[in-house]
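Data first, discussion second: the structure below is written as structure tokens.
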Amino acid sequence: MDKSARVYVAGHRGLVGSALVRQLEAQGYANIIKRTHAELDLVDSAKVRTFFEEQKPEYIILAAGKVGGIVANGTFPAEFISINLAIQLNVIQNAYLHGVKRLLFLGSSCIYPKHAPQPMKEEYLLTGPLEPTNRPYALAKISGIEMCWSYNRQYGTRYLAVMPTNMYGPGDNYHPQNSHVIPALIRRFHEAKERGDPCVVVWGTGTPRREFMCSDDMAEACVHLLNLPEDRYGALLGSDDTKTGRFEPPLVNIGVGCDHSIRELAEIVKQVVGYSGSIEFDASMPDGTPQKLLDVSRLAAVGWAAKISFQQGMTAAYEDFKHGPAAFP
């Protein structure tokens, strides 16, 4: 991408989008297009069409959507599927109609089957049942991948879906019920420390394993992919399996290549926060998928690997919770 290219980051104020903006700015991109939800409701097709007509973005990173943890997914399943489907439809369709050069569609590792072999390769998509607790969200994201694939096949577009692993970072959501596991635990241990509680209860058995990635690493990977030479970028865009017989969606995993159990995570958060009490696990609460570890060999093959260590990232995450994003590397 030319440094003067018009790059639209949809969802620029979220955990993912804000990291993408920081990365683009750090690399000298001068025309980053940003719109808040109040300025542009991506569910409104007429407003999205007008935005594209006026702004004429050349590149798009689609990071907007409704996201949340197990509680939020279980409480608002209709919103998780309908809002995400509407956003994807409006942005991808208008990207095609207005000649966008490249588009990155950001999904989540929950697109893979609940009992997929580990680590999860891109080819495992659609090979088994999904985790029920976030199935509406996962199905919306799978539909987004299929949209990118379908537009590439029919119209020759250059749309790539990237599936980040579980992320944390500056500007994370620390809501006590609707946040993901790392910000939820940081808040829970911090508040227990402040109150002097003798014990912190963590949901589930502690045995599920999760891969965690700092959002700043994820953003660097995305910009790296957008800047690949045409031949290497084109090789990631999949095949027309109706003709070749090969199931090769335009999909790249973004992760760090290693994971931790929830029990290990809780111990790390306890240490980083400086909490001195004990940890108990509530086995009556759902565990979710047993393991979610991405195979990142496809990303490594195009020359990128994560740089921020988990200990470094978690220490910075706690400082972010207390003081704001200036604490992050």
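Quick notes
- Candidate set: region 282-314, residues that are modelled with pLDDT under 90 and not in a loop (DSSP other than H, G, I, E, B); chosen: the one nearest to LYS121 (Cα to Cα): LYS292
- Answer from GLU79, GLU123, GLU146 - the residue that is over 16 Å from the mean Cα position of the chain (by Cα), of a type in the set (D, E, K, R) and under 23 Å from HIS175 (Cα atoms): GLU79
- Considering VAL43, VAL48, the condition of being open to solvent by less than 60 Å² (accessible area, probe 1.4 Å), more than 30 Å from TRP203 (Cα to Cα) and out of contact with any strand residue (DSSP E or B) (no Cβ under 7 Å at 6 or more places or on another chain) is satisfied by VAL48 alone.
- If the condition is being touching a strand residue (DSSP E or B) at 6+ places or on another chain (Cβ under 7 Å) and open to solvent by 70 Å² or more (accessible area, probe 1.4 Å), then region 85-101 contributes only LYS101.
- With respect to (1) open to solvent by 60 Å² or more (accessible area, probe 1.4 Å); (2) farther than 21 Å from GLN291 by Cα; (3) in a helix (DSSP H, G or I), the lone exception for PHE247 is condition (3).
- For region 102-133, filtering for residues that are open to solvent by 20 Å² or more (accessible area, probe 1.4 Å), free of Cβ contacts under 8 Å to residues at least 60 places away in the same chain and not hydrophobic (A, V, I, L, M, F, W, C) leaves 7.
- The residues in region 250-276 that are assigned to a loop (DSSP other than H, G, I, E, B) and open to solvent by 10 Å² or more (accessible area, probe 1.4 Å) can be counted, and the count is 7.
- Selection from region 245-258 of residues that are more than 16 Å from the chain's Cα centre (by Cα) and under 15 Å from THR165 (Cα atoms): CYS258
- If you check ALA161, ALA140, ALA192, ALA184 for being outside any loop (DSSP other than H, G, I, E, B), of a type in the set (Gly, Ala, Ser) and open to solvent by 10 Å² or more (accessible area, probe 1.4 Å), only one passes: ALA184.
- Selection status of ILE279, at pLDDT 90 or above, open to solvent by 20 Å² or more (accessible area, probe 1.4 Å), aliphatic (A, V, I, L, M) and part of a strand (DSSP E or B): yes
- Cβ separations smaller than 7 Å between residues 6+ apart or across chains give the following pairs from region 177-202 residues that are within 18 Å of ALA316 (Cβ to Cβ) to residues that are in a helix (DSSP H, G or I) and among the small types (Gly, Ala, Ser): ILE182/ALA317; LEU185/ALA266; ILE186/ALA317.
- A count restricted to region 113-128 and to residues that are in contact with a helix residue (DSSP H, G or I) (Cβ under 7 Å, 6 or more places away or on another chain) and assigned to a helix (DSSP H, G or I) stands at 1.
- Test: LEU20 is in contact (Cβ under 8 Å) with a residue 12 or more places away in the chain, in a loop (DSSP other than H, G, I, E, B) and buried (at least 17 other Cβ atoms within 10 Å of the Cβ): no
The values are calculated or read from the model by the stated rules, or taken from the named source; none is laboratory data. Since this is a predicted model, take the numbers as computed values, not measurements. Neighbour counts are summed over all protein chains in view; Cβ atoms, including those assigned to glycine, are modelled from backbone coordinates with ideal geometry. Note: accessible area is taken over every heavy atom of the protein model, side chains too, but ligands, DNA and RNA are not part of it. Shrake-Rupley method; radii C 1.70, N 1.55, O 1.52, S 1.80 Å.
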